[in-house]
Amino acid sequence: DSGVTQTPKHLITATGQRVTLRCSPRSGDLSVYWYQQSLDQGLQFLIQYYNGEERAKGNILERFSAQQFPDLHSELNLSSLELGDSALYFCASSGGTSGSSRTDTQYFGPGTRLTVL
Amino acid sequence: AQKVTQAQTEISVVEKEDVTLDCVYETRDTTYYLFWYKQPPSGELVFLIRRNSFDEQNEISGRYSWNFQKSTSSFNFTITASQVVDSAVYFCALNAGGTSYGKLTFGQGTILTVHP
């Protein structure tokens, strides 16, 4: 158990809908990362937050947004869902006070499997 | 740009065989970090090892060992005396510098199947 929790574990929804994925980092970790794992794209970095602020952005679609709250939990919002958004979404967290994050090991949660029908 | 290549898509071995998973990376940064993660059938990503670009010393942890060679930009992973529980997808990942901050660039993964 990495100490990172994600809810829900599974999510089934329809095209055009909006969903929210939730992540709680390991105790004491300030950085939260979101990744998408799909069969065709593999594991792709979406976005990183550090202590409530956006720190780095990857291949995140404009229909997707995220935020990190004062208690350090994070939410990933996916809207106007398409079939191609079906994937496993991982949250990871790491410690470190500098926010550079290069040296930190990222510990991953169990993931949320999103199915868009 | 950073890139990680795991040329072996699938490997199948019989229990007790040794197996090596290859990882080749590309980066222009002189300071970077390399990782291996394991994804068992249950789906979670489990951290195995981290190595920084200044430390080329090989590492052994039980049946696992890692060979980091900067000259060939490779960070290979060997499992000695494989077991059925080693069956999983293994990912090599790179964290480099610049504005990438915490972005991990993953390889495509190698599916390892260990048969009894």
- Query: Tell me, what is the FRET efficiency for B:GLU56 and A:GLU82 to the nearest 0.05, using R0 = 41 angstrom and their Cβ-Cβ distance as r?
  - Reply: 0.35
- Message: Beyond 22 Å, how much of the Cα-Cα pair distribution for chain B remains, as a whole percent?
- Response: 30 percent
- Cα gyration tensor, chain A - rounded (a/c under 1.5), prolate or oblate: prolate
- Report, to the nearest whole %, how much of the accessible area of the protein assembly as shown belongs to carbon and sulfur atoms, 1.4 Å probe, protein only. 48 percent
- Query: Can you give the alpha-carbon Rg of the range B:46-110 over 2.2 N^0.38 Å, where N counts its residues?
  - Reply: 1.21
- Item | Distant-in-sequence amide H partners of A:ILE47 (H built 1.01 Å from N, under 5 Å) | A:TRP34, A:GLY58
- Query: Å³ per residue of the Cα convex hull, for the protein assembly as shown?
  - Reply: 123 Å³
- Short version: ³J(HN,Hα) in whole Hz for each residue of the range B:73-81, in order, from phi by Karplus 6.51 cos²θ - 1.76 cosθ + 1.60 (θ = phi - 60°), x for Gly and Pro, what are they? 6, 10, 9, 8, 10, 10, 10, 8, 6
- Within the set A:LYS9/A:LYS57; A:LYS9/B:LYS16; B:LYS3/B:LYS70; B:LYS16/B:LYS38, which residue pairs have Cα atoms separated by over 26 Å? A:LYS9/B:LYS16
- With a probe of 1.4 Å, find how much accessible area the protein assembly as shown has per residue, and write the answer as a whole number in Å². 47 Å²
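The values are calculated or read from the model by the stated rules, or taken from the named source; none is laboratory data. Everything numeric here is computed off the predicted structure, so don't read it as measured data. As a convention, Cβ positions derive from the backbone with ideal geometry for all residues, glycine included, and neighbour counts pool all protein chains shown. Surface areas here come from the heavy atoms of the whole protein model, side chains and all, with no ligands, DNA or RNA. Shrake-Rupley method; radii C 1.70, N 1.55, O 1.52, S 1.80 Å.
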